[in-house]
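Beneath this line is the structure, given in structure tokens, with notes to follow.
The values are calculated or read from the model by the stated rules, or taken from the named source; none is laboratory data. Model, not experiment: these values are computed from the prediction. Positions of Cβ are backbone-derived with ideal geometry, glycine not excepted, and every protein chain shown enters the neighbour counts. Note: accessible area is taken over every heavy atom of the protein model, side chains too, but ligands, DNA and RNA are not part of it. Shrake-Rupley method; radii C 1.70, N 1.55, O 1.52, S 1.80 Å.
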Amino acid sequence: MIIEHCLVCFSEMMPQMGWTTLFSKEESSYMCTECYAKFEKIEGETCKSCGRPLVEIEPQFKAGNRCLDCIRWEEDHEWAGTLERNHSLVHYNDFAKEVIARFKYRGDYLLSYLFVPLIKKKLQLISFDAIVPIPLSEDRLYERGFNQSEAIILACGYQPNNLLTRIHSEKQSKKSRSERIHLSQVFQTKINIPNKKILLIDDIYTTGSTLRHAAKVLKEAGAQSITSLTIARG
Amino acid sequence: MLDDLVIPLEEIQEHYENGCLIYRKGISIEKNKPICNRCGNKNKHFFAHFPCARCGEQCLYCRKCIMMGRISACTPLISWTGPPAQIDINRSQLSWNGSLSEGQQAASERVVQAINENKELLIWAVCGAGKTEVLFQGIDAALTAGKRVCLATPRTDVVLELTPRLKSVFPNIQVASLYGGSEDRHLNASLTITTTHQLLRFYQAFDTVILDEVDAFPYSVEESLQYAVHQARKQSSSMIYLTATPNEKWQTECLQGKKDFATIPARYHRHPLPMPHFQWCGNWEKGLKKNRLPPTIVQWVKKRLDSNKQCLLFIPKIDKMEKILPLIRSLHPKIEAVHAEDPNRKEKVIAMRNKEIPVLLTTTILERGVTFPNIDVAVLGAEDRIFTESALVQIAGRVGRSAQFPSGEITFFHYGKTNAMIRAKNQILKMNEEARKKGLIDY
Ligand SMILES: [Zn+2]
Ligand SMILES: [Zn+2]
Ligand SMILES: [Zn+2]
Ligand SMILES: [Zn+2]
């Protein structure tokens, strides 16, 4: 695919611009320097469970190299060890919010390519046997026309492994954090996947409960470990 | 778009069978090239394919108007072509006790005529003439004739301001208010107030389209909006353009008689428009590099500070404004600056209105829409390209708006007069002359 216009702002891109070398050479870039600069990249030391930058967390909300949220998850027997670790690429700032909403809710499919170079770079550090998308309910899928998590996987050149299906659909966003966490299981899987290393892909990590629910089901189906990668970290 | 409708599908089907609705393809192919039927996009860069869960194919969609929801090859566009929601026809819907100035009355009669005869008309009303009131009788005439009316403006804040105003003068009709993020989805309201962007939702829907601020418009620039206006009108319909400052092309067409127009050359309070004063200020940009402000500017600001008169100072660029602010603050610590991306924009405008700020530096963001009752205005660097004729007329129009303080000074500080400056001054001069001739000015 040859991209002549920035996928975000449509401005024409000069292919000779030097910053593209930030990405691996053969990868074309999908956005202009201005738009790229508006995303705040996650760098430095992060919580070893959820990928949140440690510098941003007040001292009373972290212990060692984990954030309090993750410590709480790990202290809970039901959830301990389900999700090994999460990686996120950028902060969920206003710009990221806008772009992700356009991708997911307005349905601008092409934006799934936006982070391909950064995702591929990250994937080199993760070992996995299968990439699994977070499924959408049928209604949601019809409404949006595509599954954003699958779109990202396809854009990166991988085949999504649809191991998970949704049991029932409920508007998660309308629920509080504890309601979301205590929601009975929303995903199921029909196959056993002994000793497989699974990578989950989603657009945002907010409370981490969606990814943990997915991870729990996969773990129960025999998976060895589950890691996740999201574009933004809320 | 089908997804936007709040009406059940069966009802849509019924309307369709009655001929009140028509379906169109969202994207059609002409000469092997796709065209988006909502926004008119033909540029291949703004189309993309996606694996569509609805039709199961690689479905083509338009990225140009994506913010209004995705239009793809399998999306039908629905248009309402039936009558508007029933209103008590033949009875005036207008509930307004105000009165029109002589100039407004004359223009108002022309609007009524154009609407009744399905014609096009440009209303050229000076800043502060009171153009909204001029529309009331025309809108009423359209409504009583069972017509659907659309009032479109480029800015969301204008939609927000006009909606309650029009709802209060037309209390018994359905008014739809559309802007990015609004919930209103009435298909068939008698009166629709919308941003020009949302106009893209409509197809041959209106008997009367009123287009506000045609000059501020991306309209003259943006092809897709021209397309939208065209698509939104019924084949036989009237079109009213409103502007304080038509561009050169429109002015010429008016003078040559190619465009039907009516002027309101005087303000509602019957005082003349303040005339801009040109003042050379040297190479101010060079001075700025050495942290120096032109002495003429410093004097001008000092004089206003001493006499406690608030003022606006327009600056062509943000980076220049940021250099000027600390320099000018040495005259008064409460001087502020505002620009389009300033998160505190609203707060600063309110503080200015509350007289907590003596001098406000601004980019062209405050060029229109905002009114402060008793101010002087200056432009620094009036020669800059950003200050077009219409921008300068609008800026001059900030002065002397209120009846209590109908005068004030407007100065263009420049490093070389431009055509735009001269044309702006002439435009204001001509309007004052015309107003005097017609007896619309008392002072
Ligand atoms: Zn861009
Ligand atoms: Zn954490
Ligand atoms: Zn379009
Ligand atoms: Zn489709």
Subject >> Percent of beta bridges antiparallel (DSSP, chain B, rounded to nearest 5) >> reply: 25
**OP:** Quick one: which residues, 5 or more positions from residue B:151 or on another chain, have an amide H under 5 Å from its amide H? H modelled 1.01 Å from N in the peptide plane, none for Pro or chain starts.
**Re:** B:192, B:193, B:194, B:210
Subject >> the protein assembly as shown, accessible area per residue, ligands and nucleic acids excluded (1.4 Å, Å²) >> reply: 47
Subject >> Solvent-accessible ranking of B:62, B:55, largest area first, probe 1.4 Å >> reply: B:55, B:62
Original post:
Helix B:102-116 versus the longest principal axis of chain B: what angle, 0 to 90°, nearest 10, using Cα atoms?
Top reply: 20
**OP:** Out of all DSSP beta bridges with both ends in the protein assembly as shown, state the antiparallel percent to the nearest 5.
**Re:** 25
Original post:
Can you list the residues, at least 5 places off or on another chain, whose amide H is less than 5 Å from the amide H of residue A:232, using H built in the peptide plane?
Top reply: A:89, A:90, A:204, A:205
Original post:
Nearest 100 Å², what total accessible surface is buried between chain B and chain A (probe 1.4 Å)?
Top reply: 1600
Original post:
Just the accessible area for residue B:280, please: 1.4 Å probe, Å², rounded to the nearest 10?
Top reply: 150
Original post:
Along the positive direction of the dipole of chain A (beta-carbon charges: Lys, Arg +1; Asp, Glu -1; about the Cα centre), which of A:215, A:77, A:33 reaches farthest?
Top reply: A:77
**OP:** Go through the stretch B:329-399 and name the trypsin sites (Lys or Arg not before Pro) that are in a DSSP coil and have 16 or fewer other Cβ atoms within 10 Å of their Cβ.
**Re:** B:334, B:355, B:385
Original post:
Rounded, prolate or oblate: which one fits the stretch A:39-233, using the alpha carbon gyration tensor with axes a ≥ b ≥ c (rounded when a/c is under 1.5, else prolate when a/b beats b/c, else oblate)?
Top reply: rounded
Subject >> Given 10 as the ceiling on other Cβ atoms within 10 Å, longest exposed-site-free region of chain A for trypsin sites (Lys or Arg not before Pro) in DSSP loops >> reply: A:26-170
Original post:
Which of the listed residues, B:235, B:137, B:391, is farthest toward the dipole's positive end in the protein assembly as shown, when Lys, Arg count +1 and Asp, Glu count -1 at the beta-carbon?
Top reply: B:391
Original post:
How large is the dipole of the protein assembly as shown about the Cα centre if only Lys and Arg carry +1 and Asp and Glu carry -1, each at its Cβ, rounded to the nearest 20 debye?
Top reply: 1280
Subject >> Charge tally in the Cβ shell below 13 Å around residue B:44, where Lys, Arg are +1 and Asp, Glu are -1, residue B:44 excluded >> reply: +3
**OP:** Please provide three numbers in whole Å: the alpha-carbon extents of the stretch B:237-322 along the principal axes, with the largest listed first.
**Re:** 57, 31, 23
Original post:
What pairs from B:147/B:234; B:249/B:430; B:42/B:119; B:289/B:320; B:290/B:323; A:62/A:120 go past 20 Å between their alpha carbons?
Top reply: B:42/B:119; A:62/A:120
Subject >> For chain B, size of Cβ-based charge dipole, Lys and Arg +1, Asp and Glu -1, in debye >> reply: 1480
Original post:
Rounded, prolate or oblate: which one fits the stretch B:276-437, using the alpha carbon gyration tensor with axes a ≥ b ≥ c (rounded when a/c is under 1.5, else prolate when a/b beats b/c, else oblate)?
Top reply: oblate
Subject >> GluC sites (Glu not before Pro) restricted to the stretch B:354-443 and DSSP loop, no more than 13 other C-beta within 10 Å >> reply: B:356
